[in-house]
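Below is one structure, written out as structure tokens; comments come after it.
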Amino acid sequence: MNGKRILLIVGGGIAAMKVPQLIRLLRAEGAAVTPVLTQAGAQFTTAMTLSVLAGEAAHDSLWDIEAEAEIGHIQLSRNADLVVVVPATADLLAKMAHGIADDLASTLLLATDKRVLVAPAMNVRMWHHPATQRNLRTLRDDGILFVGPEDGDMACGEYGTGRMSEPEAILRAIREALAPQPLKLLPEAQIRPGTLSGRHVIVTSGPTHEPIDPVRYIANRSSGAQGAAIAAALRDMGARVSFVTGPAEVSPPDGVDVIRVQTAGQMHEAVEAALPADAAVMAAAVADWRVTNSSATKMKKDGSGRPPSLEMTENPDILAWISQPGDRRPRLVVGFAAETNDVVAHATDKRLRKGCDWIVANDVSEGTGIMGGTENAVTVITEDGPEEWPRMAKDAVARKLAQKIGEALG
Ligand code: CTP
């Protein structure tokens with residue numbers, strides 16, 4: 001679990017007493033834990049206990065976190081790899097099922113786009129109540145993951161289903177939830193027939209965000225427009241498209257399998273999980289570096305007037321990785337090169353360095369209006385040399401490229 005970040009939401013129940021042990025186990029496996037307590041949760045364990053064990057601040061108020069950092073709650077749920085609710089009380093499950101967001105915990109649960117694992121704990125009658133059972137069905141349909149509850153003696157003196165699973169069992173469920181997930185693919189019937197029928201193409205797109213702290217990140221100006229247009233053009237030709245996108249301005253097209261990521265590391269994992277493929281088009285503007293001393297809490301000015309120093313390390317080069325010869329390599333790998341001078345020379349060199357088949361090079365120097373704009377002027381470099389295409393709309397570049405890919409795959 002090294003480097004994985006768990007947002008741990010602690011509900012109000014006697015089982016909250018098991019949370020410190022769970023935090024110890026998670027930290028021992030290298031995970032970072034951000035605790036969030038509901039008001040009821042704070043009756044059973046304290047923010048102080050949880051922050052000492054987690055090694056970072058425990059949050060309990062929506063208003064504090066908003067004051068702290070404009071978009072605090074959104075950022076908290078974005079930074080997590082997994083959200084875990086422990087114990088998940090009948091009340092919290094009901095709020096989740098109905099989308100109620102009236103405190104920090106429920107707001108985070110509504111704002112997150114990450115997987116959510118719940119460890120229910122409640123009295124046996126509450127568990128079997130039709131209202132709870134109805135909510136459980138809704139939550140399962142929503143894709144919420146469950147661990148437990150178990151049968152056993154309850155704190156209230158009764159016996160039955162409703163005991164929260166032990167920390168070791170919750171840890172195992174967390175490990176499973178963090179494992180790379182098989183892609184949820186579009187039904188075959190939704191893929192239209194065309195020249196690329198039966199072909200699978202991976203397209204990366206958009207920028208990546210490399211976190212500095214929960215509210216700041218390093219990014220670039222890529223809008224994701226060219227990548228989205230390429231994915232749509234390939235889809236129109238009948239390909240199944242795995243569209244791996246960073247946080248782009250442009251929405252992913254319909255009719256493709258969308259995998260959303262934030263960082264270069266996640267993009268790399270997602271591309272690996274999407275293989276095998278017949279072709280890969282790496283249109284993303286991947287950050288070359290990530291911050292190694294990123295902070296789990298918002299960095300504060302220390303009054304000295306000196307800015308913090310960021311330590312950085314190079315990100316994996318996904319294009320170079322996928323281009324390496326071997327069984328995994330798609331038959332056709334297309335890279336992009338955003339250059340500001342000597343476009344053809346640099347891009348020709350990049351094609352050889354990265355080992356891809358083609359490089360689509362564009363001039364992104366100031367004044368061209370290409371990065372973030374609607375048009376593109378590209379030179380496609382293949383083993384036969386450079387091929388200059390006239391300036392045209394990004395959609396038209398995408399269609400011409402998809403056509404060329406169709407011809408290459410035969
Ligand atoms: N790319 C990638 N993974 C990275 C960096 C880049 O897959 N970590 C891909 C991009 O999607 C693009 C191509 O590599 O297809 C070119 O990216 P670019 O950033 O221009 O190349 P660099 O190797 O960073 O070269 P330089 O910074 O010297 O321009």
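The values are calculated or read from the model by the stated rules, or taken from the named source; none is laboratory data. None of the values given here were measured: they were computed from a predicted structure. Don't worry about glycine lacking a Cβ; one is built from the backbone with ideal geometry, like all the others, and counts go over all protein chains shown. The area values use the complete protein model at the heavy-atom level, side chains included, leaving out ligands, DNA and RNA. Shrake-Rupley method; radii C 1.70, N 1.55, O 1.52, S 1.80 Å.
Its convex hull of Cα atoms gives the stretch 1-157 a direction-averaged projected area, equal to a quarter of the hull surface, of 8.8 nm². Short-range pairs are left out: with C-alpha atoms under 8 Å and at least six residues apart, the relative contact order of the chain is 11 percent.
Over all pairs of different C-alpha atoms, the stretch 110-173 has a mean inverse distance whose reciprocal, the Kirkwood radius, equals 12.6 Å.
Summing Lys and Arg as +1 and Asp and Glu as -1 over all other residues whose Cβ lies under 13 Å from the Cβ of V360 gives a net charge of +1.
Volume of the convex hull of the stretch 72-156 (Cα atoms only), normalised per residue: 93 Å³.
Electrostatic tally near A40: other residues with Cβ closer than 14 Å to its Cβ, Lys and Arg +1, Asp and Glu -1, net -3. Both radii are taken from the alpha-carbon atoms of the chain; with Rh as the Kirkwood radius, Rg/Rh is 1.04.
Per residue, the solvent-accessible area of the stretch 5-178 (1.4 Å probe, heavy atoms of protein chains only, all protein chains present) comes to 44 Å². For the stretch 193-237, the fraction of alpha-carbon pairs lying more than 17 Å apart is 50 percent, rounded to a whole number.
Among 149-155, 399-405, 383-389, sorting by the average number of other beta carbon atoms lying within 10 angstrom of each residue, highest first, gives 399-405, 149-155, 383-389.
Could you give the distance between the Cα centres of the stretch 119-181 and the stretch 238-258, to the whole Å? Using only Cα atoms to place each centre, the spacing works out to 34 Å.
Scaled against the 2.2 N^0.38 Å expected of a compact globular protein of N residues, the Cα radius of gyration of the stretch 277-349 reads 1.64. Computed in the context of the full set of protein chains, the accessible area of the stretch 290-410 at 1.4 Å probe radius has 46% of its extent on carbon or sulfur. Protein-only accessible surface at a 1.4 angstrom probe places the residues D60, D257 in the order D60, D257, largest first.
When N is the residue count of the stretch 279-410, what does its C-alpha Rg come to as a fraction of 2.2 N^0.38 Å? It is 1.31.
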